[in-house]
Amino acid sequence: MNIEPAFHLPSQKTPLLLDARSTNEREILTLIRQRVALPKAEIAQLTGLSAQSATVIIKKLEADGLVKRLKPIKGGVGQPKVPFGIDANGAFGVGLKVGRRSFDMTLLDLKGNVKATLHEKSDYPTVSNLLNFAKRAFNVLIKNLDTDQQRLVRGLGVAMPFEIWSWAEEAGAPKNELEEWREFDPQSALEDLLNLPVFIKNDAGAACSAEMSFGNPNRYESFLYIFVGTFLGGGLVLNGQLINGKTGNAGAIGSLPFFSGTSQRQLITQSSLYLLERALVDAGQNGKHIYESPSHWSCDEGVVDYWLSETAKGLAFATQCAMSLLDVEGVIIDGAIPNDVKKSLVERTKGSMEHLDMRGLSKIQVSPGLVGAKAQSIGSANLALQANYY
């Protein structure tokens, strides 16, 4: 039996790491990023390293420009403690998000601050449009860095939907145009175009990595991440590690079978934004408005309300599946949606769960994501930084 891979990458190359760090260096950088600032004594205590070993590693990281000394903490007995923080200008990552309605390129510093971003709308993604946008946007974004900083760009991360050709009808795209993606090797093409290592991840998986790095306020060690975009997607974190799976599709909840009461179909056809777009068009409104203004929607509240109720049913089902199979600590819901809509979706998902048979399952927390609508873009830019430093 032939099983088609979730995404066609003929080369399957492991990207080159331009500044790969040791396990102990990564652990210290991760701790400092999570805690914002840490003195050497606490770093040694948290890592289990000796004070001498921790000092040697921190001095090396400081000399390499990855961490810096912060203002001393006064008070207590003895000399003031000197905390160390991430040096934002120690390295940079560039991210390219390939969406079903747009392209985004983002420049991220080592602390996770967005230095610059470019956005371009499209009716549907084509290979030629991707390459044209990538070259043009990279040349614009890189101008935000001086010559020395440009040498610290550690790679291009790409967040894109896997099997992009499989949902031509839902995307409203000509099937022959999306078929180009089936044989396209984005890793090799973009490495040749930009002369940088290229790291590729499922778009929702990249968003999950952004939440794991810069959000997750409840510090869940294991959680299901749900991103409500044009198409529904997800990611999975277990024991503090982002799980990829055999083909990079772990947590792809959009493909879950969902029984609507009359027929079985994929969850993507229950809880995606394209359904709201179609409903608005059917109501005589501008359906594309929801993509053009993800921070604020000005559209029929009744249509949005119905979409929220139906979407929540699907997300509650995905939550039940996650608890049954994995017994995770929590579920984080984010998306390319306004914050008030996201808050309502979280509450309605909790409400929908009250109608499900949850016997035998632990109580679960459902909470909103912090990174927001740009999680896929930020996550893509973070891929090269994660690969080298965290």
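The values are calculated or read from the model by the stated rules, or taken from the named source; none is laboratory data. Quick caveat, the model's predicted, so the values are computed rather than measured. Cβ placement follows ideal geometry from the backbone for every residue including glycine, while neighbour counts extend to all protein chains displayed. Ligands, DNA and RNA are stripped out before the accessible areas are found, and what is left, the full protein with its side chains, is counted by its heavy atoms. Shrake-Rupley method; radii C 1.70, N 1.55, O 1.52, S 1.80 Å.
Highest average first, the peptides 333-345, 227-239, 27-39 ordered by how many other beta carbon atoms sit within 10 Å of their residues are 227-239, 333-345, 27-39. Potential lengthening of the chain between H289 and T47 amounts to 82.3 nm, from the contour at 0.36 nm per residue minus the alpha-carbon distance. What the chain shows is 46 Å² of accessible area per residue, with the surface traced by a 1.4 Å probe over protein heavy atoms. Sequence-ordered 3J(HN,Hα) estimates for the range 196-205 from the Karplus curve with 6.51, -1.76 and 1.60 and θ = phi - 60° stand at 9, x, 10, 10, 10, 9, 3, 4, 6, x Hz, glycine and proline given as x. Using r as the Cβ-Cβ distance of K363 and L17, and R0 as 45 Å, what FRET efficiency do you calculate, to the nearest 0.05? So, using R0 = 45 Å, E works out to roughly 0.65.
One Cα centroid belongs to the range 48-75, the other to the range 249-268; the line between them spans 48 Å. Return the subset of K121/K343; K60/K81; K201/K313; K111/K288; K13/K59; K111/K175 for which the Cα-Cα distance in this structure is over 31 Å, preserving the input order. Where the Cα-Cα span goes over 31 Å, the pairs concerned are K111/K288; K13/K59; K111/K175. Measuring nothing but how far apart in sequence close Cα pairs (under 8 Å, 6+ apart) lie, relative to its length, the chain scores a relative contact order of 19 percent. For the chain, the antiparallel share of DSSP beta bridges with both residues in that region comes to about 60%.
Just the protein heavy atoms count here, and of the accessible area of the range 339-385 at 1.4 Å, carbon and sulfur take up 50 percent.
Matching the structure-derived Cα extents along the principal axes in Å against the labelled list [x] 138, 44, 38; [y] 66, 53, 39; [z] 70, 51, 49 gives the label [z].
Packing-based ranking of 84-94, 47-57 yields 84-94, 47-57, ordered from highest to lowest mean Cβ neighbour count within 10 Å. Protection proxy ranking for 200-209, 284-293, using the average of other Cβ atoms within 10 Å per residue and placing the highest first: 200-209, 284-293. For the pair L326 and L238, label points projected 7 Å from Cα toward Cβ lie 0.8 nm apart. Per residue of the chain, the DSSP helices (runs of n ≥ 4 H) give a summed -39500 (n - 2.57) that works out to -12000 deg cm²/dmol at 222 nm. Subtracting the Cα-Cα distance of T30 and S122 from 0.36 nm times their residue separation leaves 29.5 nm of extension gain.
For the range 38-152, the share of accessible area belonging to carbon and sulfur comes to 50 percent (1.4 Å probe, ligands and nucleic acids excluded).
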